[in-house]
1. Quick one: which residue in LEU57, LEU31 is of a type outside the set (Lys, Arg) and in contact with a Phe, Trp or Tyr (Cβ under 9 Å, 6 or more places away or on another chain)?
2. Restricting to the range 74-91, what's the tally of residues that are over 13 Å from the mean Cα position of the chain (by Cα) and either more than 15 Å from PHE52 (Cβ to Cβ) or basic (Lys, Arg) (or both)?
3. For GLY29, work out the one condition from (1) crowded, with 16+ Cβ neighbours inside 10 Å; (2) on the phi > 0 side of the Ramachandran plot it doesn't fulfil.
4. From the list ASN110, ASN102, pick out the single residue that is among the polar types (S, T, N, Q) and outside any helix (DSSP H, G or I).
5. Please indicate, with yes or no, whether at least one residue in the range 95-102 is buried (at least 16 other Cβ atoms within 10 Å of the Cβ) and farther than 14 Å from TYR53 by Cα.
6. Looking for whichever is over 12 Å from the mean Cα position of the chain (by Cα), closer than 26 Å to GLY107 by Cα and of a type in the set (Gly, Ala, Ser) here; the options are GLY27, GLY56. Which one fits?
7. Identify, please: which residue in the range 10-44 is in a helix (DSSP H, G or I) and free of Cβ contacts under 8 Å to residues at least 12 places away in the same chain and is, among those, nearest to ILE79 (Cα to Cα)?
Amino acid sequence: MTQSPPAPGIKTNSIEELLKNGWTLLGKGELDSAEEVFRKACMVDPKSIEAFYALGLVLKSEERKKDAITAFEHVIKLIEDKVEKDPTRARMLRRLALGHVNQLRDGDWNLEKEIWQKKA
């Protein structure tokens with residue numbers, strides 16, 4: 001796969017531009033470039049749930065299970081640390097990240113307890 005450079009004019013300190021560029025590259029299937037941009041976004045804003053979630057998706061697409069699990073687990077930690085202020089969005093993102101971790105580890109999303117049963 002040919003690696004494309006990030007889009008010209010990206011402000012290196014703009015998390016919004018990095019995320020926009022990263023999603024564009026991911027959508028085009030340019031995984032190496034998308035990974036590079038999302039890693040930069042994670043450095044620019046270490047509390048960006050979206051940046052770490054997107055990085056996890058890229059790593060999962062590259063079949064780098066261990067690295068993807070680490071990224072998705074970091075998303076869960078950020079949510080548990082109350083970085084996400086919208087509780088509905090936080091629950092949704094936590095479930096998605098947990099589903100990816102379960103699928104990578106066990107081959108099954110296995111969110112039955114998470115979604116249909118209350119925690120003990």
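1. Numbers: LEU31 fails: in contact with a Phe, Trp or Tyr (Cβ under 9 Å, 6 or more places away or on another chain).
Selected residue: LEU57, the only one of LEU57, LEU31 that is of a type outside the set (Lys, Arg) and in contact with a Phe, Trp or Tyr (Cβ under 9 Å, 6 or more places away or on another chain).
2. Here is the first cut: in the range 74-91, the residues over 13 Å from the mean Cα position of the chain (by Cα) are 80-91.
Filter once more, so that each one left must be either more than 15 Å from PHE52 (Cβ to Cβ) or basic (Lys, Arg) (or both): 82, 85-89, 91.
Adding up the residues that qualify gives 7.
3. The single condition GLY29 does not satisfy is (1).
4. On the way: ASN102 fails: outside any helix (DSSP H, G or I).
The unique qualifying residue is ASN110.
5. Checking the range 95-102: at least one residue is buried (at least 16 other Cβ atoms within 10 Å of the Cβ) and farther than 14 Å from TYR53 by Cα.
6. Values: GLY56 fails: over 12 Å from the mean Cα position of the chain (by Cα).
None of the other options fit; the residue is GLY27.
7. Quick first cut of the range 10-44, residues in a helix (DSSP H, G or I) only: 15-27, 31-44.
After this cut, where a residue has to be free of Cβ contacts under 8 Å to residues at least 12 places away in the same chain as well, the list is 16-17, 20, 27, 43.
Values: GLU16: 19, GLU17: 23, LYS20: 22, GLY27: 25, MET43: 18 Å.
Applying the filter and picking the extreme gives MET43.
Every residue, every condition in (1) within 17 Å of HIS100 (Cα to Cα); (2) touching an Asp or Glu at 6+ places or on another chain (Cβ under 6 Å); (3) at pLDDT 95 or above; (4) not small (Gly, Ala, Ser), yes or no:
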position: PRO8; (1), (2), (3), (4): no, no, no, yes
position: PHE38; (1), (2), (3), (4): no, no, yes, yes
position: ASP45; (1), (2), (3), (4): no, no, yes, yes
position: ASP67; (1), (2), (3), (4): yes, no, yes, yes
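The values are calculated or read from the model by the stated rules, or taken from the named source; none is laboratory data. Source: prediction; values computed, not measured. Neighbour counts run over all protein chains shown; Cβ positions are idealised from the backbone, glycine included.
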